[in-house]
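The values are calculated or read from the model by the stated rules, or taken from the named source; none is laboratory data. This structure is a prediction, so every number in the text was calculated from the model and none was measured. Cβ atoms come from the backbone with ideal geometry, glycine included; neighbour counts cover every protein chain shown. Protein only, heavy atoms only, side chains kept; ligands, DNA and RNA dropped before computing areas. Shrake-Rupley method; radii C 1.70, N 1.55, O 1.52, S 1.80 Å.
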Amino acid sequence: MSFLYKKLVRQLLFSFNPELVHDAVIKSACVLQRLAPLNSLVSLLARAKDMPVTVAGIDFRNPVGLAAGFDKNCEAARFLAGLGFGFLELGTVTLRPQPGNPKPRVFRLRESKAIINRMGFNNAGAWDAARSLEGLLPLPIPVGISIGKNADCSIEGAPQNYLETLKVLYSYGSYFAVNISSPNTLQLHRLHEGERLRRLMGPLLSYAAGQGRVKPFFIKITPDLPDAGIEGVVRLAAELGFGLITTNTTASRDAVPPYWRSYEGGLSGLPLRKAANSVLSRVAALAGGRVPIIGSGGIFDGPAALEKLDLGASLVQVYSGLVYEGPLLVKEIMKHLDRSRRGTGVSG
Ligand SMILES: Cc1cc2nc3c(=O)[nH]c(=O)nc-3n(C[C@H](O)[C@H](O)[C@H](O)COP(=O)(O)O)c2cc1C
């Protein structure tokens, strides 16, 4: 099946503009998820092996999730949940709707199995996402919601902007990913700085603590953070009690041909893997088991997922791999994880 995807379907899809294809996939998923028998058939075909794991108090059927950015408006979650994932991360959602950057803003680097995107948090806003989720939840797997800052909101106004987004979406998420690492929103990376991050996370954590159900938070960090920055973020995560997602896309073009240097945006896919893994290892070493970690960046097969779990991630996420390897990727990854778990005698 995945051979068929790579030989036929991918050839066809890759002959069109990447964003156009993505929008068509999401629109089709929205239609298909309303047709219960079709949705059940897809779930049956893509069903992945179970490997239960509990992270940050949430039970996951398996450790492989969908990374943020694939379903920005939280509108295709029921269909996506049928692709074998252990969890979905939807968004990134901002408080108010915004168009994002001018098109074209997504590029395939086929020879490197990579993507450059400078979408800029294009989304329909928190209220629209809430309306969609109202109709789609509950799902059989946990759903994280990634929240971000509106482009016209200053860095000083960010804590309030994130907090208001959280309030609109709080009842829908199993956990919240706080996206401070997109390279496509001006100055967003400055939220990694110690005091700024504390001022951002304090109100979000206080709000959650005041609700009937306290939900966990994960900060998604950039792979472009210097070591001192990583240390500061991990220290705060351990102190305030939130998890980390390592990592978002990179602004670096070191791992791709020089031609791509003139393309602005975040690079994802195979060339990101090494940098993301190096940040993951560093975070895991500093955290010493005190901070739950989700690994993201360059997972295209089972061994790459296992590598991140071995480096200290409790969960992993895929995006570019899904584009290049097709909708049975999670099933294939889980087959590998299941085999290696049996091989080492580790129990789930
Ligand atoms: C087109 C595109 C859009 C993305 N949008 C978001 C986003 O809105 N929020 C976010 O946190 N990450 C976003 N990402 C980053 C992914 O979630 C993921 O962390 C990154 O691509 C690395 O994983 P990968 O190598 O498996 O793609 C996006 C990635 C791509 C390719």
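Count, please, the residues in segment 212-230 that happen to be surrounded by fewer than 17 Cβ atoms within 10 Å (Cβ to Cβ) and either within 15 Å of Gly241 (Cβ to Cβ) or out of contact with any helix residue (DSSP H, G or I) (no Cβ under 8 Å at 6 or more places or on another chain) (or both).
5
Okay, residues lined up against (1) in contact (Cβ under 8 Å) with a residue 60 or more places away in the chain; (2) within 11 Å of the ligand (Cβ to nearest atom); (3) of a type outside the set (D, E, K, R):
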position: Gly91; (1), (2), (3): yes, yes, yes
position: Thr94; (1), (2), (3): yes, yes, yes
position: Pro99; (1), (2), (3): no, no, yes
position: Arg110; (1), (2), (3): yes, no, no
position: Gly120; (1), (2), (3): yes, yes, yes
position: Ala124; (1), (2), (3): no, no, yes
position: Trp127; (1), (2), (3): no, no, yes
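Counting only residues that are open to solvent by 40 Å² or more (accessible area, probe 1.4 Å) and aliphatic (A, V, I, L, M), how many does segment 54-90 have?
Final tally of qualifying residues: 1.
Is it fair to say Arg96 is assigned to a loop (DSSP other than H, G, I, E, B) and more than 26 Å from Arg261 (Cα to Cα)?
yes
Per-residue answers, yes or no, for (1) of a type in the set (Asp, Glu); (2) within 13 Å of the ligand (Cβ to nearest atom); (3) assigned to a helix (DSSP H, G or I):
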{"residue": "Cys30", "(1), (2), (3)": "no, no, yes"}
{"residue": "Met51", "(1), (2), (3)": "no, no, no"}
{"residue": "Thr54", "(1), (2), (3)": "no, no, no"}
{"residue": "Asn62", "(1), (2), (3)": "no, no, no"}
{"residue": "Gly69", "(1), (2), (3)": "no, yes, no"}
{"residue": "Gly84", "(1), (2), (3)": "no, no, no"}
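Just to be sure, is Arg10 over 30 Å from Gly241 (Cα atoms), in contact (Cβ under 8 Å) with a residue 24 or more places away in the chain and open to solvent by 90 Å² or more (accessible area, probe 1.4 Å)?
Answer is no for this residue.
Just to check your reading of the model, which residue among Ile180, Ile115, Ile155 is surrounded by fewer than 21 Cβ atoms within 10 Å (Cβ to Cβ), among the β-branched types (Val, Ile, Thr) and modelled with pLDDT of 95 or more?
Of Ile180, Ile115, Ile155, the one residue that is surrounded by fewer than 21 Cβ atoms within 10 Å (Cβ to Cβ), among the β-branched types (Val, Ile, Thr) and modelled with pLDDT of 95 or more is Ile155.
Inspect all residues belonging to segment 91-98 and state whether any of them is of a type in the set (S, T, N, Q), farther than 19 Å from Ser181 by Cα and open to solvent by 10 Å² or more (accessible area, probe 1.4 Å).
Within segment 91-98, not a single residue is of a type in the set (S, T, N, Q), farther than 19 Å from Ser181 by Cα and open to solvent by 10 Å² or more (accessible area, probe 1.4 Å).
Failed condition for Ile333, given (1) open to solvent by less than 50 Å² (accessible area, probe 1.4 Å); (2) assigned to a helix (DSSP H, G or I); (3) over 22 Å from Gly69 (Cβ atoms), with all others met?
(3)
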